[in-house]
Each structure stands twice: as C-alpha cells, then as structure tokens.
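A short worksheet on the structure shown next.
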Amino acid sequence: MAEDNKVGTYQFVAEPFHVDFTERLTMGVLGNHLLNCAGFHAAERGFGIATLNENHYTWVLSRLAIELEDMPRAYQKFSIQTWVENVYRLFTDRNFAILNEEGNPVGYARSVWAMISMESRKPIDLLTLHGGAITDYICDKECPIARPGRIKVDESEPVCEYQARYSDIDINGHVNSIKYIEHILDLFPMEMFREKSVRRFEMAYVAESYYGDLLTFYRERKAENEYDIEVKKNNAEVVVRSKVIFN
C-alpha cells in the first residue's frame, strides 16, 4: 500500500465558540479533533468504534503528547493528518500533524492506544485481530516530537478538588479523556494564558473515573515553565498524570 494512502487528512475551521479569549483554538477542542481524526481514520480502514462494538471491543487512549508552535485562530481553516506509526501486541502508536491554512505544520502529536474488551476491560491482542491486518497501515511518516515521557509528582498538598458531574461523562460511562485536559488547564490563572502559550502538553491515562468520583489535583513545578500534574480519585487511586510546558 502506498504511504500516501496510509495517511488520513481532515479539514476543520476554528469556530469562534471553539477558541479562548486570545482567539486561539483551545487545547480541549484540539484534543477532541485529534481523537475524532483517529476515529475517522480507523473507521475508514475497518477498525472503527462502530465495527469494534459489534464484537464488544473498543479503543482506549493511553498516552497523548501535543507539541505546538502555533494554534489556529478564530475563523482560520486548518487540517489534521493522522497515521499509524507502530503496532505492538497490546498497543498501537498513532501520530498527528496539525497544518495551517497554507498546509504548513504548526504542531504535532503522538498517542498510544489499546483495544480492550468491553466486557472484561482487558486488552485485546492487536496482532491476531482480523489476521493482523492493522499492520498493513503502518506508515513511515516523520513525527519530529519526543514521545510521551515519565511523569512523577511528589507534591502531597492538593491544589484543587472537583466532583465529576454529568457533563464530564462520555459514551463509555466514565470521565471523558478531554475533560481532564480542560480541568488541568483550569489549575492555572488567566494571567498565565495571557502572557504565555502551551508549547507541550502530555497526558498519561492510568485508570477510569466515574460520575460522582472526587477528583483531587496535585501540581508540582519542575522548572520555570514546566509543571507535572497528578489526578487521584476519591483520595486513593491515580487516574491521570499530565505535563504542561509553557512558552
């Protein structure tokens, strides 16, 4: 299969209700677009959620790293490319490029996914599914950003608590992966976003949380513009770890 046929390209517009007070697309909306593109690309190749659900399987996002030089502004057109970099037995690496209206890259993203059984919640062997056909879509396209790294938070005093509510819950019945991004960025004051922009954002999804769970946020400053965040549910289990680096 030609490499070009392995890359999906999807067009968007930065709608005014998808941008923040700086008129830039929000990280949460960009994250949603990335996940939607992953879904479109997988569905077009026979590995979409609807097809998997028929066999009681689903995709689960494990890691996400986004690195940006710029963010689309209100009313600007932009596109997102996505492709599969690697397939392992229990995980697959999927990459993204964010392109401006002229088709030039303004950012990249890396993600790691697992396929799980909706009944047992255990991982499925990707190399045996459909005879390993998913490996046909592995693409050698460059993604020039670092892979998600290790995130360690030693801070013991929480900076925020939040109880998961209706608007946080997704189709799978747990807190939506993008909602964590929004809640984490809400830990920083408006002045931070007035003076700086997010250059790199990482998420590591560890466990699921549900409606009514108490989410406790711990934030540790690692460098002048670098912060590690850990989110626990009900004062016990870690559900998410994140790294935010500002320009």
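The values are calculated or read from the model by the stated rules, or taken from the named source; none is laboratory data. Since we're looking at a predicted model, the values are computed, not measured. Every residue, glycine among them, receives a Cβ derived from its backbone with ideal geometry; neighbour counts consider all protein chains shown. Side chains included, ligands, DNA and RNA excluded: accessible areas come from the protein's heavy atoms. Shrake-Rupley method; radii C 1.70, N 1.55, O 1.52, S 1.80 Å.
Figure legend. Inter-residue proximity from segment 169-191: first residues in a helix (DSSP H, G or I), second residues among the hydroxyl-bearing types (Ser, Thr, Tyr) and at pLDDT below 95, beta-carbon distance below 8 Å, spacing 6+ or different chains. No pairs are indicated. Being crowded, with 19+ Cβ neighbours inside 10 Å, at pLDDT 95 or above and either touching a helix residue (DSSP H, G or I) at 6+ places or on another chain (Cβ under 7 Å) or more than 28 Å from Ala97 (Cβ to Cβ) (or both) is a condition met by at least one residue of segment 180-197. Take Pro123 and decide whether it is surrounded by fewer than 19 Cβ atoms within 10 Å (Cβ to Cβ) and free of Cβ contacts under 8 Å to residues at least 40 places away in the same chain. Considered against the rule, which asks whether it is surrounded by fewer than 19 Cβ atoms within 10 Å (Cβ to Cβ) and free of Cβ contacts under 8 Å to residues at least 40 places away in the same chain, Pro123 comes out as yes. Pick out the one residue from Arg63, Arg73, Arg45 that is modelled with pLDDT under 95 and open to solvent by 40 Å² or more (accessible area, probe 1.4 Å). Step by step, each of Arg63, Arg73, Arg45 is checked, and only Arg45 is modelled with pLDDT under 95 and open to solvent by 40 Å² or more (accessible area, probe 1.4 Å). For segment 6-46, the tally of residues that are part of a strand (DSSP E or B) and among the aliphatic types (A, V, I, L, M) stands at 3. Could you grab me the full set of residues in segment 80-111 that are in contact with a Leu (Cβ under 8 Å, 6 or more places away or on another chain) and open to solvent by less than 40 Å² (accessible area, probe 1.4 Å)? Once the filter is applied, which keeps residues that are in contact with a Leu (Cβ under 8 Å, 6 or more places away or on another chain) and open to solvent by less than 40 Å² (accessible area, probe 1.4 Å), segment 80-111 yields Ile80, Gln81, Thr82, Val87, Thr92, Phe96, Ile98, Val106, Gly107, Ala109, Arg110, Ser111. When Thr128, Thr216 are checked against the criterion of being modelled with pLDDT of 95 or more and of a type in the set (S, T, N, Q), Thr216 stands alone in meeting it. Taking segment 220-247 as the range and being open to solvent by 10 Å² or more (accessible area, probe 1.4 Å), modelled with pLDDT of 95 or more and within 23 Å of Leu30 (Cα to Cα) as the test, the residues that pass are Asn225, Glu226, Tyr227, Glu230, Arg241, Lys243, Ile245.
In this entry, Arg121 is excluded by the filter for residues that are closer than 20 Å to Thr58 by Cα and modelled with pLDDT of 95 or more.
Each residue in segment 192-232 was checked for being in contact (Cβ under 8 Å) with a residue 60 or more places away in the chain, of a type outside the set (A, V, I, L, M) and in a strand (DSSP E or B), and 10 pass.
Condition first: closer than 27 Å to Asn235 by Cβ, open to solvent by 30 Å² or more (accessible area, probe 1.4 Å), in contact (Cβ under 8 Å) with a residue 24 or more places away in the chain and not acidic (Asp, Glu). Can you find one or more residues in segment 126-147 that meet it? The answer is no, given that none of the residues of segment 126-147 is closer than 27 Å to Asn235 by Cβ, open to solvent by 30 Å² or more (accessible area, probe 1.4 Å), in contact (Cβ under 8 Å) with a residue 24 or more places away in the chain and not acidic (Asp, Glu). Scanning segment 97-123 for residues that are touching a His at 6+ places or on another chain (Cβ under 9 Å) and more than 16 Å from Asn172 (Cα to Cα) yields a count of 1. Restricting segment 131-179 to residues that are modelled with pLDDT under 90 and among the hydroxyl-bearing types (Ser, Thr, Tyr), the residue that is farthest from Ala42 (Cα to Cα) is Thr135.
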